[in-house]
Amino acid sequence: MNRRNFLLGIIAGGVVVGTSGVVWLGNGSNNRALTIDASLQTLDRLMNEKITTLGEWNIYQILVHSAQSVEFSMSAFPEHKPAIFKNTIGKLAFSAFSAKGEMTHGLNEAIPGAPLIKESDDTTYAYERLKEAMIKFKDYNGRLAEHFAYGKLTKQEYEKAHAMHFYNHLLEIELIG
């Protein structure tokens, strides 16, 4: 491909993106850094945009759910899959997600046993809660809780899981404006 055609392709792509609604992260989460720092940067950018959600949950519910996951990793998940599941299917699923660099799961499924997240318009609270949970996790040096489905994870594996989980939920967020 010559340079002119390459540049025309880039310009055309920019026009398409600039003139249509775009899903916040699309299917490209496997190209993103799967870290808490990258997730925090994405969260900050997200909160400075006009957005709408495409799924059953509003932004408040998505952010609080994401915060719960991070918080539980430092305390305890309320309910767990059976040990045989965590040691077979759970480990296999995490390995596959980790290798691909992205997670897929039911985007309106609560964490088993977690408190119900009712709809709210208080996105500032939800944003602050998730941001605080991520920062606490980043600085956390204590014992990590066993994941309800994946079993024991290292801090590095949990960081990757949290980032993939957050990015997966962002597939249901669309920029408007």
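Could you tell me whether Met74 is farther than 17 Å from Leu107 by Cβ, at pLDDT 50 or above and either touching a Phe, Trp or Tyr at 6+ places or on another chain (Cβ under 7 Å) or surrounded by fewer than 17 Cβ atoms within 10 Å (Cβ to Cβ) (or both)?
Working: farther than 17 Å from Leu107 by Cβ: yes; at pLDDT 50 or above: yes; either touching a Phe, Trp or Tyr at 6+ places or on another chain (Cβ under 7 Å) or surrounded by fewer than 17 Cβ atoms within 10 Å (Cβ to Cβ) (or both): yes.
Answer is yes for this residue.
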Could you grab the pairs with beta carbons closer than 9 Å, sequence gap of 6+ or different chains, first residue in the stretch 94-113 and surrounded by 14 or more Cβ atoms within 10 Å (Cβ to Cβ), second one of a type in the set (Asp, Glu) and part of a loop (DSSP other than H, G, I, E, B)? Leu107/Glu56; Ile111/Glu79
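Let's see how each residue does on (1) modelled with pLDDT under 95; (2) of a type in the set (A, V, I, L, M, F, W, C); (3) surrounded by fewer than 17 Cβ atoms within 10 Å (Cβ to Cβ); (4) over 22 Å from Ile62 (Cβ atoms):
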residue: Asp121; (1), (2), (3), (4): yes, no, yes, no
residue: Ala126; (1), (2), (3), (4): no, yes, no, no
residue: Glu132; (1), (2), (3), (4): no, no, yes, no
residue: Lys136; (1), (2), (3), (4): no, no, yes, no
residue: Asn141; (1), (2), (3), (4): no, no, yes, yes
residue: Gly151; (1), (2), (3), (4): no, no, no, yes
residue: Lys160; (1), (2), (3), (4): no, no, no, no
residue: His169; (1), (2), (3), (4): no, no, no, no
On the basis of being β-branched (Val, Ile, Thr) and surrounded by fewer than 20 Cβ atoms within 10 Å (Cβ to Cβ), does Ile89 make the cut? yes
Residue check, Lys86 against (1) touching a Lys or Arg at 6+ places or on another chain (Cβ under 9 Å); (2) over 18 Å from Ala145 (Cα atoms); (3) not hydroxyl-bearing (Ser, Thr, Tyr), all met but one. Which one? (2)
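Considering only residues that are outside any loop (DSSP other than H, G, I, E, B) and either of a type in the set (Lys, Arg) or open to solvent by less than 40 Å² (accessible area, probe 1.4 Å) (or both), which ones fall in the stretch 41-50? Full working, then the answer.
Taking the stretch 41-50 as the starting set, the residues that turn out to be outside any loop (DSSP other than H, G, I, E, B) are 41-46.
Within the stretch 41-50, Thr42, Leu43, Arg45, Leu46 qualify.
The values are calculated or read from the model by the stated rules, or taken from the named source; none is laboratory data. Because the structure is predicted, anything quoted here is derived from the model rather than measured. FYI the Cβ positions are ideal-geometry reconstructions off the backbone, even for glycines, and counts take in every protein chain you see. Please note that ligands, DNA and RNA were not included when accessible areas were found on the heavy atoms of the full protein model with its side chains. Shrake-Rupley method; radii C 1.70, N 1.55, O 1.52, S 1.80 Å.
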